[in-house]
Structure formats: structure tokens, C-alpha cells
Amino acid sequence: MELQAVLMAAGGGSRMMDLTYNTPKPLLPVGNRPLIWYPLNLLERAGFEEVIVITTKEVQKALSTDQRLKLDVKMKLNVECIQEDADMGTADALRHIQQKLKTDILVVSCDLITDVALHEVVDLFRAHNATLSMLMSKCTSSRRRVPVKKAEREQRDFVGVDSAGKRLLFMANEADLDEGLIIKKSVMRKHPRMHIRTGLLDAHLYCLKRSVVDFLVENKSISSLRGELVPFLVRKQFSKTSISRREEDHSDQSQKRKDATAALDEALLQLASERSCWNDHSGDMSEAYHGGRLRCYAHIMQEGTCYRVNTLTSYVEANRVAPKLFEEAAVHPSAVISERSQVGGDSIIGASCHIADKTSIKRSTIGASTIVKEKVKITNSIIMNSVTIEEGCNIQGSVICNNAVIGRGADIKYCLVGSGQRIEAEAERTNDVIVGSDQLMEI
Amino acid sequence: MADSEGNERSKQTAIINHAADEGDEKSLAEIQKAKNEGKELTKEEKLRLRKEKKQQKKGKKDDKGPTEKAPVKEKTANPPASSQPVTQNAAQKAPSAVSVPVSESTAPTDKSAKSKAELKAERRARQEAERASKQAKKEPGSQAPSSKSKAPPSELQPAVKRLPEHIQVDDPAVVRKLAKKLERQQIPLRSDYGYKVSLFSHLHQYSRKAPLTQQISIPATVIHPSIVRLGLQYSQGIVAGSNARSVALLHAFKQVIQDYSTPPNEELARDLVNKLKPYISFLNQCRPLSASMGNAIKYIKKEISNIPSQCKEEEAKKKLLSCVDSYVNEKITLAAKGISKYAIDKISDGDVILVYGCSSLVNHILCEAFEKQRKFRVIVVDSRPRLEGREALRRLVNRGIRCTYVLISAVSYVLPEVSKVFLGAHALLANGYVMSRVGTSQIALVAKAYNVPVLVCCETYKFCERVQTDSFVSNELDDPDDLIVTRKGKTHLADWQSETSLGLLNLVYDVTPPDFVDLVITELGMIPCTSVPVVLRVKNVDQ
């Protein structure tokens, strides 16, 4: 076994509470499929046969009953539940399942929608015997008007890579920096040319060595992979007492028997690298990798889609793009669409929908079991499951969540209508977020 | 008449020469018959008769395969009779062939036109029949024509040595066979990249940007993960150099053996060897195997097959692992020590030593010599696109050796001050040729011109049974995009593929003739280049 896949699906979606207060984030429909389907599909296409899914009980129940998921995903899902209110970070979750992890792991977040060729990330991990290998993407900024609750200012991430663009040299979030960027001299001495980029999207896809999991077990203070572990590893590449020394201590304690053979193997590997006439850098007098045992690599996607659905903006963006990733009939065969309605080519109609006459649906996603009555105009919107839209409505650029009812003649522009909400007839809302009163206290 | 008689005589001497060359008693009898029968038979006739008799003899021994080939060959031999003898057995028939055309041109005038035309017609009819049957048999018998076309001289040798597939890339039948074999082993086929220079179109050319791992599943199940890692490191050049590749290969095999468990009802000896076959195909697809790797694989397979069947699995595995370790120790580590001992004897104080590229063995020798307080300085010669000399330079300077660095274009300028040339080798071929990094033969040639001794350092496990006299037949083509260079932000060759008349060639190896090599230093001692087959023979006897 080379790699074990771990899917982190326990996150709360804290940055899009309006959408997730009723539906857990992994089950949010994107292009009429639950969000969790996309990373599972990515893993399946790569060739994985088994995935460990870390999620909450609610999601587990939904996963086991969701017919669609069962049909489309042929892999074996080992679902591990954690308490929803335990407030576990991703690293804590890994610690929780450490007994199940036997080899190097590939950690994926459930909100990743991408068509990256996974071998690019894993090849860096394999070829350079790296401790960490991650995926990043050149961000595409969305320019469309989307319903926003408050101004969302993203905290910038500073990522430093070497001149070849593969090795990770520096990683820090703007929030952690006080005044300016501090780069250690030891890094500059080894890598005099560094490209620092701020516009990269971290896809939260990591290949980690098994020894990192052991390290996490030891150091219980690290609770988040992205926030704490990754910057720690990137820093430790250039420190003198590197993590590998500590790893060796571990292996000594736990596997005394295998010491001799492991040492011989190490010696062979050492001999091979000594005899090899390859160096990853040129111009200075040090050996390949500057003799460092810990290496972190990143694959930066130049083209292709890569979205992380963790904000409302990205959710809307993903809904627009995701269906194009996979060839599937835009209109579900069980949907009933009247002949006198206009359904645009880039719209998606879910199962068991009823679309009445004289409706116009353009660039929108209609969820399953939705009823759309006559003379309705829907443009650039996302309508989730079991929504009822009465006659004469005009919906533009909005997100209507599950089980909502839009009264007749309503005019909704760039709004977010929460789950189960009712919009009264002849209502006119623009740039509004309509959620239940019990949600108003959430901050 | 005198003229014709003279021609007859010369013709007969030609025949006798030919027969003497052949050393075939049958033909002598034929000649007698010919002589007796006199002038009716043309030269072509005689050749044909001779061949038929020979083929009949062979046909009783072999299957119908060769005899199928033989008559066809014979047919094709006969019409251009004057040219065919030259092509078929150039070395042997050359003297006779020269005389044959001369006599032939005058011979027909003696013969009756009728018999000649008759025979020609007969021949043509036979040819057509053979051609038709060949067409009918084209599908299943695709191997026969290809090997036949590749080895016409082998008509005389009963066992045709099959050419390895990696130098027959332009033959679609061979490529198809390989594809089928890989499919059976569940290994993906790596596709060639870019335009290949026509002289080398029979070799594979891969792109580094399209690794083989694209086509296998991510948690590698069919292939052991350490083999996948190794293949990746080979194709990206992270593990480069004959010794490094062999050691890394043995390391990966150790992992495979450790993780191996015999399935029920199978014997470890046979099953493990079968398990290794797809791994070796995979590695071959990533980068063609080197001679040293080939020998290491042969050794491992032999060791595995020699495991007695009653041996328990744990014991067998331990034995195999220790075999691998001892192989590395003996053939690589201790051999390097032995070679440096001999080589240091050859290095005297005040020497100026020229080295080319980065040979791990030569670097080792120079470092040892420096530690033994020899006073010398080194000139490192380097070449594009690999620029391996920089790595050698770094290692030597790290030790404290005084070095000069030049590119290969300057080699004739620095040679007047050089006292010795030390070269590493990728493999030593059975006819004494040295296969090494491209540029080595150039250095050896120029050194010879300047009367500078050339010493090749090579461990015996790199000796291989192959015979090669030029660098075209069997070589390796590296990624052509490596030759593209970006200077001041401009890449002139960025779209070289759109230029129809431009081809980029990135050769990896070349062969140096033994006349340019003065000494080969192995752990068995210092031997001349021509003693390589002796060493091989002794090794085979040992095993």
C-alpha cells in the first residue's frame, strides 16, 4: 500500500453559515450533487479503492441513505465519526484515527472541486522522498455580483517557492505577521532566488509521510493542518535540529527489531545518492537538497479548475463551473419540463422537477424535486432541492436554499434565501439575506 | 574463343576461391559437376544449385521456418546475382565477387539464349509463387520477415539472435508485440515524443514532462511503490550514473523482497521471479536499463531461482537480502577500493589529470589519491546539456583538489598540458569497445592525437556480452527539450516542433574503440581493452 486517502468532511463551513446552518457543508448541492462527491470522484479517478472519511454523525447518516452517492462512488468508504461539538481541528482528527493509518497519507478537504492530475502532486512526493507535498492553484477572482452578508476580506497567504517553482521555502499568513515578512538568512543562503506569491489558492490537498502522523501524536498542541502543521514543516526544513532526528528517535523506540535492516537499507540509499551525479541546485558547494532530510514541495496549477467552496462567493462560482467538469446530462431524465418553457443550455435541472409553461431558466441550477410554476424567470441562480416557486416570479443572481417557498410575483435579486424560508407574494428583495430568526444571533 | 576460355578459367578460379572460402565439400563436388557439364550452366545457375543443396541440408535439420526464408532469399539472391553475393557475405565473397561480375558479363554470350530465357522464366514464376505465399502468410508470420530483413547474413548461422525491441522502434510489428506484452503485465506503454532524427528513428525518445506515472493508479497496486519511486527517479534524472542506478535498483528489490509473501500453492523461487518481470518492464519503460542493471538483475534472478523449494519463506528472504548486500559490497564498494589501489599506482606527483563528466568511480579514485598525499591537479571537461562536470567539480573542490573547468570544445587547447586521461565507463562491450557518456570517444580521440595515455576505470560487473562498433545501433535518446535554453528571457527554440526541417537530438551514450584506450583498470587488475572477452569468459565459467 502506498498511500491512504483521508477525506476531511467534518468542517462546519464557518464562513458561509447562511448556507450551512441547516445543511452540513459536505452535503451542500453543487451542480445538483453533494459537495462531498467531488473530492471522492477525484480520488476515484486517480485510482484509489478505499477512502477514510472523517465526518459527523449527521453526514454519515445522510451518506448511507443517499442513493446517488452510493451509485456513483464505487470506492469503499470507511466513515469515522467525530463529535460535532468537539471542535476538532484537522490535525486532531488525524490523531483520532492514527491507528488506521498505516502508510503515507493523502489528506483531502471535502470542499475541493478540481480536475488536477493528482499524479503531479504525488510524483513530487515520491521522487524527492518529500515529507509534505501539497497542491496550490493560481486564484481566479470572481467578478460577478453575489449576495454577501458583510465585506469578506481575505487574509492573504504569502507563499515562497524556489526558482524552479516546486520547493516550498516560506509560508505565512498575513494574520500571523506583525509588521513585515521575515525571511531567515539560512534560507536565503541556500536558496538565493525565491518567488513570493500572494495570489495562490491553497487547495488543502496534502501528501504527508507516516512519520508526520507520529509527530502529531507526540505534539498534541498542533490542532490544524493548514494553520499550524504546514508552516511548521516548511520552517523546519531549514532548522538545524530537524524533525527527522525526532522521527528517528520514534522509530528506535517502537521498532527495535527492524533497526538493523532499516539501517542497511538507509546505507544503500545513501550510497545510491552519493554515487548519483544529480543535484537539485547549482552554484554552491553543498550536496543535493543541501543535505536536508525534511523537504516540502508544492505543485502550483497553472491552468485547470480548482475551487474551494468555503465562502458564498466560491459556492456560487463553483456551481457555475462544476457541471462543466463532468459530462452529464444537464437535464435529469426524470424532470418534467413543459414544452413551452425555455431552459438554457448551461442550466442544470435536477431529478423529479416540474417546470411549468412559459418559464425561462438561464445559467441556473435547479435542485431535485423543485416545482417551478408558470411565467417564472430564473437567471444566474442556484435553486436547491424541494423549493417551490410560484407563478410570475423573477429570480436573478440568487441562492434559494432547501424547502423554501417563493410566493407569486416575487422579485428576488441577488438575495440569499435561507432554508425553509417563505417569501411572501409580490415581495421585492434586492441584495438581501433572508434567514430564519434563530440564525440572526449567529456571529 | 581464347577470350572465352580465359573467362571460363577465371570463372572457375572464382568458383574455387568461393568454394575455398566457404569450405564446403558439397560445393566442390558441384564444381566438379559443373566442370564436367561444361559451359551450359551460367554463373547464376551454379550459385543457385549450390544454395539449393545447402538449403536442403539445412532443411532436414531445421523446421520449415528457415527453409521458407531460404528459397525466398535464394530467389531474391539470383536475379541481381552480381550484387547479391557482395551484400550477403561481404567479407568472404568480396574477392570472388569482384571476379564474378567480370566473368558473368562475358559468360552469357557463350550460353544458348533459349536455356537462359527458360531458366529466367522459371525463376520468375517461382518468385511470384513465393511472394504470393508470403503475402498470405503475412499476418501470423510477421516475425519471420522482420527478422529476415534485419539479418540476411544469418542465413549461414542456424540460430538468429533476436534483436532487443528497444532498438527496433520503427518496426510496427515489434512495437505491437511490446504493447501486447505490457498489456499482459498491466504496465502502461510510454509513448514517444517529438520528431526523431532519421538516423536514430529506431530508438525511443521520451519526454520528461509526460511521466509514466500519469497512466498508473495513484496508490500503485500493480507495481510495488518503491519501484514506482525508482522509475520516477530514473526518468527525472534524480538517480543518474551507472553505479547509482544499480545500487538504487538493488535497494528497491530489497524492499520488494521484504514485502513479498508467497501466495499459496506457489513456490517462492518461481513466483518471485515472475513478480519481478513486470517491475523490470516498468523500469525499462521509464528509462532503458543500463548494462550494469542488466547484470544485477541477472544475478538476482539466478539467486532467486537457486533457492531450494524446501526453504522456509523467512529464511529464503533473509538469504536473498544478504545476497543483495554482498553483491553491492563485492561488486561496487570493494571493487571501487581495489580499482583505486591500482589507479593510485598510476598517478604520480605533478600529474595533470583530465576527467570527463561525473563518473562516481573516477571521483572516488581522485579523492583517495589526494588523501594518499599524491600531488596532482585535475582538469574537468564538461558538455551540454547535462553539465555533469559541475557536480564532479564540486565534489573534487570540496575535498581540496585543485581543479580547472573547461567545456569539451576546449579540449584540444588543454590537452598539451595533460599527462593522463581518466575516463569512467557505462559498460565495456565484448569486443573491447567502451560505452560511456557521449563525448568520451571525442576525448579519447583527441588524447590519442596528442599521445596522452587514456585509462578507463570500470568495475567488472559492468562488462556485458554485447558487441557494438558504432554509436548508432544501440543508444539512448534523451528528452530533446533539454537542449532548449533560455537566455535573457528569450527562448528561440521554444516551438522547434513546428519547424519541419529541424530536429533536436540529445544522445546519451557513445562507444570508444579500443585503439584509443590504453588501459582498463578493473578490480581484477589492469588489463588491455581487448582482454574484456577473456574476463567475461572467466566469469561465465565461475558461474
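The values are calculated or read from the model by the stated rules, or taken from the named source; none is laboratory data. These numbers were taken from a predicted model, which means no experiment stands behind them. Here the Cβ positions follow ideal geometry from the backbone for every residue, glycine too, while neighbour counts run over all protein chains shown. These area figures cover heavy atoms from the full protein model, side chains too; ligands, DNA and RNA do not enter into them. Shrake-Rupley method; radii C 1.70, N 1.55, O 1.52, S 1.80 Å.
A few remarks follow.
- Taking the Cα centre of region A:330-434 as reference, the dipole from Cβ charges on Lys and Arg (+1) and Asp and Glu (-1) amounts to some 160 debye.
- The length gained by stretching the chain between A:LEU101 and A:LYS240 to full extension, at 0.36 nm per residue less their Cα-Cα distance, is 47.2 nm.
- Chains A and B together bury roughly 3300 Å² of accessible surface, counting both sides and using a 1.4 Å probe on protein heavy atoms.
- Averaging Cα coordinates gives a centre for region B:399-457 and one for region A:156-173; these two points are 43 Å apart.
- Segment A:GLU426-A:HIS195, length gained on full extension (0.36 nm per residue, minus Cα span): 77.6 nm
- With 30 Å as the limit on Cα-Cα distance, the pairs of B:LYS177/B:LYS298; B:LYS177/B:LYS319; A:LYS61/A:LYS166; B:LYS277/B:LYS317; A:LYS184/B:LYS375; A:LYS25/A:LYS324 that go past it are B:LYS177/B:LYS319; A:LYS61/A:LYS166; A:LYS184/B:LYS375.
- With a simple spin-label model that places each label point 7 Å from the Cα along the Cα-to-Cβ direction, the separation between B:GLU330 and A:GLU50 comes to 4.1 nm.
- Hypothetical label at B:LYS539: residues of region B:250-293 whose amide nitrogen lies under 19 Å (7 Å Cα-Cβ projection): B:250-251, B:289-293
- With every protein chain in place, region A:330-434: carbon and sulfur % of accessible area (1.4 Å): 43
- Backbone N under 15 Å from the B:GLN373 label point (7 Å along Cα→Cβ), restricted to region B:337-357: B:349-350
- Point-to-point label distance, B:ALA210-B:SER261, nm (Cα→Cβ direction, 7 Å offset): 3.9
- Remark: region A:330-434 carries 41 Å² of accessible area per residue (probe radius 1.4 Å; ligands, DNA and RNA excluded).
- Interface residues of region A:98-120, defined as those losing at least 30 Å² of solvent-accessible heavy-atom surface relative to the isolated chain (probe radius 1.4 Å), are listed as A:HIS119.
- Take every pair of alpha-carbon atoms less than 8 Å apart whose residues are at least six positions apart; their mean separation over the length of region A:330-434 yields a relative contact order of 16 percent.
- For region A:278-359, chymotrypsin sites (Phe, Trp or Tyr not before Pro) are listed when DSSP marks them as loop and at most 15 other Cβ atoms sit within 10 Å of their Cβ; the list is A:PHE326.
- R0 of 51 Å, Cβ-Cβ distance A:ARG340-B:THR486: FRET efficiency to nearest 0.05: 0.25
- Cβ-derived FRET efficiency at R0 25 Å, A:GLN270 paired with B:LEU407, nearest 0.05: 0.20
- q = 0.12, 0.21 Å⁻¹, region A:330-434: log10 I(q)/I(0) [Debye, one scatterer per Cα]: -0.30, -0.99
- Residue (of A:SER341, A:GLY407, A:CYS393) at the positive-pole extreme of region A:330-434, dipole from beta-carbon charges: A:SER341
- With a 10 Å cut-off around each Cβ of B:243-253, the average count of Cβ atoms from other chains is 5.
- Shown for region A:258-303: residues covered by the partner protein chains by 30 Å² or more of accessible area relative to the chain by itself (probe radius 1.4 Å), namely A:LEU264, A:ASP265, A:LEU268, A:LEU269, A:LEU271, A:ALA272, A:ARG275, A:SER276, A:CYS277, A:TRP278, A:ASN279, A:MET285.
- Range of Cα positions in region B:420-543 per principal axis (Å), largest first: 55, 35, 22
- Neighbours of A:LEU168 by Cβ distance under 10 Å: Lys/Arg scored +1, Asp/Glu scored -1, total +2.
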